[in-house]
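Taking it in order: structure first as structure tokens, then the write-up.
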Amino acid sequence: MQQDSPESVRFIHTADWQLGATRWFLDDDARARWTASRFDAIRRIGQLAGEENCEFVVVAGDVFESNQVDRRTVLRACEALEAIHVPVFLLPGNHDPLDAGTVFESGTWLSNKPEHVHVLSDPNTPHEVRPGVEVIGAPWFSKRPLGDLVADGFSSLTPQPDGVRVMVAHGATDELSPDRDNPALIIVKQAEAALASGRAHYLALGDRHSVTDIGSSGRIWYSGTPEVYAFAEVDPGHALLVNIDPIDCDVKPLDVGSWNFTRGEFDIQGEADINAVEEFLQAVENKEQTVVRLALVGTVSLRDHARLVEIVERFDDLFAGVHESGSRSDLVVVPKEEDFSDLSVSGFAAAAVEKLRAAADSGGPDGDKARDALALFVRLAGTGQ
């Protein structure tokens with residue numbers, strides 16, 4: 001069908017909301033804040049869509065963590081989507097495919113979904129946003145597709161040289177995935193050839209949680225997740241502002257996320273290194289929405305270890321979480337004579353300390369336990385508890 005020629009089209013590309021996800025390494029209080037932040041991110045996307053004069057929003061898969069999310073999660077999603085005052089197009093992905101139990105056919109979703117929200121459930125029928133502007137999806141119908149859904153979607157489209165068409169898809173590309181045997185890999189060269197032919201003018205991808213420009217055309221992007229989900233993500237916390245016409249395409253990341261998962265790596269050999277850990281933790285802003293993973297290596301005395309534990313525990317109460325990564329052998333605690341020189345202990349306590357010191361020197365699992373016990377003893381003695 002011949003379409004009117006559109007002017008430049010502006011929209012927001014986002015993906016991987018994974019509403020209903022749980023981070024088990026957070027305590028109950030932080031977990032509730034992190035969960036709420038994913039709904040807040042939807043509202044921020046709606047605000048940005050208004051500020052940037054966008055015509056619509058596309059969500060490239062994994063709106064929900066699974067098709068088994070609870071009723072409350074679905075209701076909170078519907079309420080948050082009300083804050084986006086332009087059409088929103090949702091693509092079912094590998095977490096929430098259009099299978100027999102799809103959340104998008106649940107009574108809760110169908111009864112509460114805002115009218116301006118559309119599920120991209122038909123890979124053969126584009127949605128017309130306005131004359132000359134279309135959105136089409138390549139939805140997942142199972143968790144394990146047997147082919148390139150993007151290639152299948154493009155095969156049903158005819159070139160649209162006078163309009164703008166956005167394809168929304170989800171999954172790994174052959175350029176980035178190490179799994180060369182995955183039949184559902186998106187073949188980038190084929191996708192770029194389809195874009196060059198005018199079958200679509202932008203390919204909005206989800207699945208990768210970091211903002212990533214794919215290929216060489218500048219028209220294939222992963223938006224990443226709008227709120228950080230895991231430590232391995234390189235550049236999360238964004239949505240993409242896309243300006244496009246049949247000739248030009250401009251993509252700009254917009255800050256959306258409020259949380260931060262960060263790492264700190266330290267070689268601990270003495271007091272100065274422990275001070276560096278404390279200064280690092282103190283300098284982090286927005287502690288209530290930051291999770292820190294500390295990688296600590298080196299050798300410390302019992303007293304230095306006691307101070308390090310006190311620092312970590314104090315900041316753990318200020319942050320969403322402070323966790324030590326790696327095995328216990330990465331940071332070796334070695335009792336030194338000065339650890340015991342001014343301990344005011346006698347009698348049974350002094351005898352117990354000597355036995356623990358002997359056990360610690362013996363090595364092995366019992367030695368590790370003895371060092372832990374000595375470290376706790378020195379720490380408690382040093383605080384007067």
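Among the residues of segment 131-148, write down those that are crowded, with 16+ Cβ neighbours inside 10 Å and part of a loop (DSSP other than H, G, I, E, B). Break it down into steps so the answer makes sense when it comes.
Narrowing segment 131-148 to residues crowded, with 16+ Cβ neighbours inside 10 Å: 132-140, 145, 148.
Passing the criteria: G132, A138, P139, W140, P145, D148.
Collect the residues in segment 153-183 that are loosely packed, with under 14 Cβ neighbours inside 10 Å and acidic (D, E), keeping them in residue-number order. Spell out the reasoning first.
Filtering segment 153-183 for residues loosely packed, with under 14 Cβ neighbours inside 10 Å gives 155-156, 158-159, 161-162, 178-181, 183.
Those that are loosely packed, with under 14 Cβ neighbours inside 10 Å and acidic (D, E): D162, D179, D181.
Go through the residues of segment 56-72 one by one and say whether even a single one is hydroxyl-bearing (S, T, Y), on the phi < 0 side of the Ramachandran plot, in a loop (DSSP other than H, G, I, E, B) and in contact (Cβ under 8 Å) with a residue 24 or more places away in the chain.
Step one: of segment 56-72, the residues hydroxyl-bearing (S, T, Y) are 66.
Among the residues that remain, those that are also on the phi < 0 side of the Ramachandran plot are: 66.
Still in the running and in a loop (DSSP other than H, G, I, E, B): 66.
Those still in the list that are in contact (Cβ under 8 Å) with a residue 24 or more places away in the chain too: 66.
Within segment 56-72 (the criterion being hydroxyl-bearing (S, T, Y), on the phi < 0 side of the Ramachandran plot, in a loop (DSSP other than H, G, I, E, B) and in contact (Cβ under 8 Å) with a residue 24 or more places away in the chain), the answer is yes, since at least one residue qualifies.
What's the number of the only condition in (1) part of a strand (DSSP E or B); (2) modelled with pLDDT of 95 or more; (3) not β-branched (V, I, T) that D267 fails to meet?
Unmet condition: (2).
Could you please find all residues in segment 91-116 being closer than 26 Å to S8 by Cα and buried (at least 19 other Cβ atoms within 10 Å of the Cβ)?
Here is the first cut: in segment 91-116, the residues closer than 26 Å to S8 by Cα are 91, 115-116.
Passing the criteria: only L91.
Mind listing whichever residues of segment 208-237 are touching a strand residue (DSSP E or B) at 6+ places or on another chain (Cβ under 9 Å), under 24 Å from R31 (Cβ atoms) and touching a residue at least 40 places away in the same chain (Cβ under 8 Å)?
H209, G224, T225, P226, Y229, F231
Would you mind stating whether E128 is touching a Lys or Arg at 6+ places or on another chain (Cβ under 8 Å), at pLDDT 95 or above, assigned to a strand (DSSP E or B) and assigned by TED's automatic domain parsing to the domain that holds L240? So that I can check it myself, show each step before the final result.
Numbers: touching a Lys or Arg at 6+ places or on another chain (Cβ under 8 Å): no; at pLDDT 95 or above: yes; assigned to a strand (DSSP E or B): yes; assigned by TED's automatic domain parsing to the domain that holds L240: yes.
So E128 fails the test.
Being buried (at least 16 other Cβ atoms within 10 Å of the Cβ) and farther than 26 Å from V188 by Cβ, is that true of even one residue in segment 214-227?
Checking segment 214-227: at least one residue is buried (at least 16 other Cβ atoms within 10 Å of the Cβ) and farther than 26 Å from V188 by Cβ.
Say whether the condition of being at pLDDT 95 or above, buried (at least 24 other Cβ atoms within 10 Å of the Cβ) and in contact with a helix residue (DSSP H, G or I) (Cβ under 6 Å, 6 or more places away or on another chain) is met by at least one residue in segment 28-44.
Yes.
Name the single residue, out of those in segment 234-264 being assigned to a loop (DSSP other than H, G, I, E, B) and in contact with a Lys or Arg (Cβ under 9 Å, 6 or more places away or on another chain), that is farthest from R307 (Cα to Cα).
V256
Any residue at all in segment 47-70 that's surrounded by fewer than 21 Cβ atoms within 10 Å (Cβ to Cβ), touching a Gly at 6+ places or on another chain (Cβ under 8 Å) and closer than 25 Å to L241 by Cβ?
No, because not a single residue in segment 47-70 is surrounded by fewer than 21 Cβ atoms within 10 Å (Cβ to Cβ), touching a Gly at 6+ places or on another chain (Cβ under 8 Å) and closer than 25 Å to L241 by Cβ.
Cβ-Cβ below 7 Å, separation at least six or inter-chain, first residue in segment 103-124 and closer than 20 Å to V86 by Cβ, second among the acidic types (D, E): which pairs?
From segment 103-124, the pairs are P114/E82.
Hey, does segment 162-170 have a residue that's more than 28 Å from P236 (Cα to Cα), over 27 Å from the mean Cα position of the chain (by Cα) and modelled with pLDDT under 95? Step through it out loud before you land on a result.
Initially, segment 162-170 is screened for residues more than 28 Å from P236 (Cα to Cα), giving 162-163.
Keeping just the survivors that are over 27 Å from the mean Cα position of the chain (by Cα) gives 162-163.
Right, trim to modelled with pLDDT under 95 and you get 162-163.
Looking for residues that are more than 28 Å from P236 (Cα to Cα), over 27 Å from the mean Cα position of the chain (by Cα) and modelled with pLDDT under 95, one finds at least one in segment 162-170, hence yes.
The values are calculated or read from the model by the stated rules, or taken from the named source; none is laboratory data. From a predicted model like this one, the values you see are computed outputs, not experimental measurements. As a convention, Cβ positions derive from the backbone with ideal geometry for all residues, glycine included, and neighbour counts pool all protein chains shown.
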